[in-house]
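Below you'll find the structure, written out as structure tokens, and then a few comments.
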Amino acid sequence: MENKSMGILDREPGYMRRLAEYISSKEGCRIRVFTFNSEEDVAAHLEKNNLDILLVGQSMAGADIQNWEKIGQLVLLNENSRETDTDRTSVYKFQAADGVFREVMTCYTKENGKMTKKMPAGKKGQITGIYSPVKRCGKTIFSFVLASVYAEQCRSLFISLDEFCMLEELRQKENEKDLADIMFLYRQNPEEGFWQTGMFGRIHGLEYIPPVTFPWDLRQIRTEELAELIRWAAGRGGYERVILDIGEGGDSPLELLDVCEKIYMPELDDPISAEKIDSFEKYMDKSGNQQLLEKIIKIQLPQIRLEAETAGIESLLWSPMEAFVREMTGAG
């Protein structure tokens with residue numbers, strides 16, 4: 001995503017500071033945020049600079065603001081209720097910062113269409129799956145780190161298809177939509193399914209769809225629908241890389257392997273794990289899926305422990321797993 005600029009004009013300095021800090025952290029500083037105490041401050045800034053987005057507190061939204069030039073999108077911070085303003089684009093001010101951010105970016109993408117870069121006609125992104133019949137092999141951690149490294153190079157989307165995601169930071173937060181919600185919206189209107197990119201979570205430039213909150217939701221998603229959504233993401237959705245952490249949940253998880261151009265299969269160096277891999281390969285061969293075996297790349301991953309006192313998921317980006325992924329992909 002290209003760099004954007006956002007301004008916040010409000011009577012509460014503490015509110016502006018907290019929101020600005022959150023947005024800068026959320027986007028890895030790819031959105032430059034300015035805070036203003038008065039209309040005069042905004043006007044002075046606009047003399048030499050543009051603003052892609054300007055958030056304005058309801059109590060400061062004078063009649064002249066709507067006519068300001070050099071502003072791509074004006075969004076009112078509605079202070080009274082969650083009902084949107086009928087005359088102006090608005091979001092509810094008094095909600096969690098991530099909720100404000102997501103609603104603002106949804107408004108911006110609908111109005112401008114600048115946040116979603118569609119793939120050129122006839123081209124599509126690469127879909128990479130990570131699957132293993134072996135448990136506790138580092139599959140999810142490897143999947144996330146691989147997606148994060150890819151995100152440094154191109155627009156990437158990470159989707160976890162585990163019934164119980166082990167990475168706390170990826171789970172659904174307040175005002176955030178999980179995979180089940182995204183699937184519902186996609187069914188309603190596929191053409192708009194990836195237009196509202198503000199719905200997705202972001203960690204240091206990597207976009208991700210929060211995994212399902214309830215395992216039952218994943219089981220209700222048909223494989224055909226999920227495969228269609230994934231293909232859409234790699235085509236019309238504009239993602240150059242789509243990384244799937246494929247677990248055992250869902251309708252028919254193994255059928256998703258057919259969507260992938262490449263499949264990484266973590267394995268462990270012990271007899272039981274070897275037997276599981278062998279059983280999987282025999283099943284795929286007897287079920288007529290020999291072509292999928294040709295896509296599989298077996299890997300042995302470095303051991304990683306997530307300690308409570310570490311920096312959480314971000315610590316993985318400076319771990320032996322990160323070094324392994326960079327060497328494996330040649331990312332340097």
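List the residues, sorted by chain then number, that are 5 or more residues from I299 or on another chain and whose placed amide H is less than 5 Å from its amide H.
Answer set, sorted by chain and number: M265, E267.
For F34, list long-range residues whose amide hydrogen, built 1.01 Å from N in the peptide plane, is under 5 Å from its own amide hydrogen.
Those qualifying (amide H under 5 Å, at least 5 residues apart or on another chain) are M6, G7, I8.
When the Karplus curve 6.51 cos²θ - 1.76 cosθ + 1.60 is applied with θ = phi - 60°, which whole-Hz ³J(HN,Hα) does each residue of segment 39-50 get, with x for Gly and Pro?
Calculated HN-Hα couplings, in order: 4, 5, 5, 5, 4, 5, 5, 6, 5, 10, 9, 9 Hz.
Residue by residue through segment 243-248, what is 3J(HN,Hα) from phi via Karplus (6.51 cos²θ - 1.76 cosθ + 1.60, θ = phi - 60°)? Round to whole Hz and write x for glycine and proline.
In residue order, the calculated couplings are 10, 10, 8, 8, x, 8 Hz.
Hey, can you rank 298-304, 72-78, 17-23 by average C-beta count inside 10 Å, highest first? The partial results should precede the final answer.
Details: 298-304: 14.7, 72-78: 21.1, 17-23: 17.0.
Answer by packing, highest mean first, reads 72-78, 17-23, 298-304.
Output the pairs from K93/K177; K124/K282; K177/K262 with a Cα-Cα distance over 22 Å in this structure; if there are none, say none. Working shown, then result.
Numbers: K93/K177 19 Å; K124/K282 32 Å; K177/K262 28 Å.
Long pairs (Cα-Cα over 22 Å): K124/K282; K177/K262.
All of the numbers you see were taken from the coordinates with simple rules; none came from a lab. Quantities reported herein were computed from a predicted structural model and do not represent experimental measurements. Using ideal geometry, Cβ is built from the backbone for each residue, glycine included, and neighbour counts are taken over all protein chains shown.
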